[in-house]
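Notes to accompany the following structure.
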Amino acid sequence: MLSLQCNLSRHNKPNMVPWSSPATTTASITAIIAILLLLPATTSQAQILKSEEHVYGPFNSSYVYGNLNTIFSVIPSATINQGALQITPDSAGNITYQNNSGRIFYKKPFKLWDDRYAALASFNTSFLINVYRVNNGTPGEGIAFVIAPSESLPPNSYGQYLGLTNAATDGNRTNNLVAVELDTVKQDFDPDDNHIGLNINSVRSNVSVSLSKLGIQISPNGTVFHVIWVDYDGERKVIDVYIADQDDKDAPIVAKPKKPVLSSSLDLKSLVNQESYFGFSASTGITYQLNCVLRWNISITVFPENKSNKDWNAITIGLCVGVPLVLIGIGVLVYLLVKKKKASSSDPQIMGTLKSLPGTPKEFRYQELKKATNNFDAKNKLGQGGYGVVYKGILPNDKLEVAVKMFSRDKMKSTDDFLSELSIINRLRHRHLVRLLGWCHKNGTLLLVYEYMPNGSLDNHIFCKEGSTIETTLSWHLRYKVISGVAYALNYLHNEYDQKVIHRDLKASNIMLDSDFNARLGDFGLARAIENEKTSYAELEGVHGTMGYIAPECFHTGKATRESDVYGFGAVLLEVVCGLRPWTKIEAYQLLIDWVWYLHREKRILEAVDPRLENNYVIEEAERILKLGLACSHPIASERPKMQAIVQIISGSVPVPHVPPFKPSFVWPALDFGIFDSEITATSTSEYSAFNTQSSSGHVGLSHV
Ligand SMILES: *[C@@H]1O[C@H](CO)[C@@H](O)[C@H](O)[C@H]1NC(C)=O
Ligand SMILES: *[C@@H]1O[C@H](CO)[C@@H](O)[C@H](O)[C@H]1NC(C)=O
Ligand SMILES: *[C@@H]1O[C@H](CO)[C@@H](O)[C@H](O)[C@H]1NC(C)=O
C-alpha cells in the first residue's frame, strides 16, 4: 500500500489519495498514474525539474527579439552594438577608453534554490567573447561573468574592480556576488596578467589559474575569440569553468574541452541571493581593451511554482516556443482518474471503466504496434527528434495506416510528453486536427498512435526541398484550403473547445496534410519539427527563422497567449503565400515579414506571391491573405485580429483590417496589459517539453515539472 500526496484539490487543500496497487491487468495504466502522482512529492529533483534555455547572439540591431534593451539591462558605459554586448565601450563614437566599467545583465533574475528541493538550481552557461587589444597596446583590465543581487553597477568600479565592486565594497560579504573573471592586469594578489579566477564578493579571486600555461591569451594581438563554459551542479555544489579559443566568430562553437580549467566547490545558497541576476561586467583602467560578448547561452533549472489557487475548470494549454502541445492536459487525466478512483474503489473494475471512458484513447498491445511497424524498421521512419521517432505502420487487423510515435528512452521527460499528448489531443475533436487513435505503454516504452497523414507536412509542399530537383508546388487553391483549415482548427482551440487551448507551435512543419490536402494541425508534426531542429527554441540564436514564428512579447512575458498563436499563424500565412520561410533574407530585409511590409507600403504586395505559382492565383485572395498575415504579425499583441475574425476574413465575409504602411514598433511593456490572455508561463523549452503552466488569471496550469 502506497500513500501518495497529490495537489489536485479545487480548494487549494492537498488531497490525500490512497492508492493500492491493482492487479496485473491494469499494470500499465497504473504505472502511468503512479508516475504522475509521484512526481510532485517523492521523486528526486534531478528527475523532475526542467531547465529553461536562453540562447542569445549575435546581438544585431535587427534582432528578432525586438528591442534588446528589453531583454538586457545595459548599464553604461556598456552598450550593445556591432553585433555584440560591449561591456565597456567599443571603438564606435568619440569615447575615452580609459577608466570605464559597465554591466549587461539579463533582466529577469533566476531563482537559485527552492526550499522544497534539496539541490540548488543547476546551470550551464557558455559565451563567446572577444577581448580586443586596441592599437596593439597593453590590455586592461578584465571581463567577468557575474551572479549578483542586482544589475546595478557600483560607482568607481573601473580599473581593477572589473565592474564588480569598488574600493569601499570590495570583499564585503553583503555583496552577495560570485563571478568568473578573465583578468588581463596583474594586481599584487594576482598570479599574472592573463588569468581566470573565481571571485566571491571581491576582485581577489578565491581560486585563480593562469591561462598562459594552456597557451591561451585573453587579449592577444589580433583577433581571437574565446568560448567560456561555466557549469554549476546544484546537487554537488560544484562549479566548473572551461575555456577554448575560437578563430572565427561565425563558425560553429568549438568543442568543449574535456577538462575544466577551474573547478571548485561552491555553495551558492550561502553566498548569493535566492533571486540573482546573471550577466557580465567589465572594466578598463589606465590600460584598456574592448570587452565584447558575441554570443551567450544559459540553461538553468526552473523550480515549479507552488501550486495554489488552481481552478481545475479552466484549462489552458500551449507552448510559446519550441514545443507544441504540452503538459497541462495531464491534469485532466489525473483529475479524471483520481475522481474516478474516489467514486469507486475496486481496482480492476475501475481500470476497465477508465479505459472505456469516452475521452480515453484505446490502448494498443505492444506486439500489435511492433508488427504494424515491421519491428520499428528504420525504413518506416517518418521523422525523428528529441522526443523520439515517428514510424509509419499498418495495423494488421484492419489494415489501417497509422503513424506511431515512440518516445525516447529518456524516461521522465518522455513520460511527461507522452501523457500530455495522450490527454490533450485525445480530448480534442476537430476535422482539422490530427486524431489520436491510441497509446501503448510497455516496459518503459511509450507509444502514441495517430492517423496517418499521407501527404506529410505542409513545409514539404511549399518550400523547395534542398537537393530535390522536383519542384512540386502546392496550387493556390490548395494553399487557400490549407490556410482556412488551419484557421478553423485554431479557432476551435481558442474559442470553441470547452477549455481554452493554445497551440504554441504553429509552423508549416506542424501542419499535416491528409489525403485530400486538408490541413490537420498536430503535435505529430513535432517529430518533423525536430528533424528540422532549427525551429526549436533552443536554436533561437543565429538563425532568425527559428524565431520567425514567435511573438516578440513572448520573450518578455514568457507567456503563450492566443495572441501569440495568432502571431505564429501570421507567419504561416506569409510563408504559404510567399513560399519562403519566415527568416528568409530578401533584398535589404532580414526577415520575410519586413520585406512583405515594405512591398505593402510600396503598394506592390502581390510581388510577394510565390513566383512558382506563375500567376495561377486569385489576386484578390492573395492580397487578402498577405495583408492578414501582416495584421497577425503586428508587434503589439492586442492589435492582432482574433481567430474568430480571422476565419471570417479568410472566408471573405469580413474585410481585412487596416494595415499601417510601416511596421509599428514593438513596445514593451504593453500599454494595456489587460487585453492579453495571460495564462501560461512558458519561459522554458529546450528539448524538454518543459514549461511551467502556472496560472496567473484563474486559468489552470498543471505542472509536474
Ligand atoms: C584613470 O584613473 C587613473 C587613476 O586611477 C588616473 O590617473 C587617470 O588619469 C584616469 N584617466 C582618465 C582618462 O580619467
Ligand atoms: C548556444 O546554443 C546553440 C544551440 O544549442 C549552439 O548552436 C551554440 O553553439 C551555443 N553557443 C555557445 C556560445 O555555446
Ligand atoms: C559591508 O556592507 C554593509 C552594507 O553596505 C555595511 O553596513 C557594512 O559596514 C560593510 N562592512 C564592512 C566591513 O565594510
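Could you tell me which of rounded, prolate or oblate describes region 580-621, using a ≥ b ≥ c as the square roots of the eigenvalues of the alpha-carbon gyration tensor, with rounded for a/c under 1.5 and, failing that, prolate when a/b is larger than b/c and oblate otherwise?
oblate
In whole Hz and in residue order, list the ³J(HN,Hα) couplings for region 197-212 that follow from phi through the Karplus curve 6.51 cos²θ - 1.76 cosθ + 1.60, θ = phi - 60°; x for Gly and Pro.
x, 9, 10, 10, 6, 7, 7, 7, 6, 6, 9, 9, 9, 6, 8, 4
Using modelled amide H (1.01 Å from N, peptide plane; none on Pro or chain starts), what sits under 5 Å from the amide H of S219, excluding residues fewer than 5 places away?
HN-HN under 5 Å from S219: empty list.
As a footprinting exposure proxy, order E141, E151, E401, E623 by other Cβ within 10 Å, with the fewest listed first.
Ascending number of Cβ neighbours within 10 Å: E401, E623, E151, E141.
Is region 47-296 rounded, prolate or oblate when judged by the Cα gyration tensor, a ≥ b ≥ c being the square roots of its eigenvalues, rounded requiring a/c under 1.5 and prolate requiring a/b larger than b/c?
In terms of gyration-tensor shape, rounded.
Give me F189, F463, F278 sorted ascending by neighbouring Cβ count inside 10 Å, so fewest comes first.
F189, F463, F278
Put +1 on the Cβ of each Lys and Arg and -1 on the Cβ of each Asp and Glu in region 579-647; which of I619, L592, I605 then has its Cα farthest toward the positive end of the dipole?
Farthest towards the positive pole: L592.
Suppose a student asked you for the relative contact order of region 47-296, using Cα pairs under 8 Å spaced at least 6 residues apart; what percent would you report?
With pairs under 8 Å counted, the relative contact order is 32 percent.
What ³J(HN,Hα) values, in whole Hz, does the Karplus curve 6.51 cos²θ - 1.76 cosθ + 1.60 give for region 228-239 when θ = phi - 60°, with x put for Gly and Pro?
Values per residue, Gly and Pro as x: 10, 10, 10, 10, 10, 9, x, 8, 7, 6, 10, 10 Hz.
At a 10 Å Cβ-Cβ cut-off, how would you order R295, R504, fewest neighbours first?
R295, R504
We did not get these values from a lab; they are worked out from the coordinates using the rules stated. What you see is a predicted model; the values in this text were computed from it and never measured. Note that we place each Cβ from the backbone using ideal geometry, even for glycine, and neighbour counts take in every protein chain shown.
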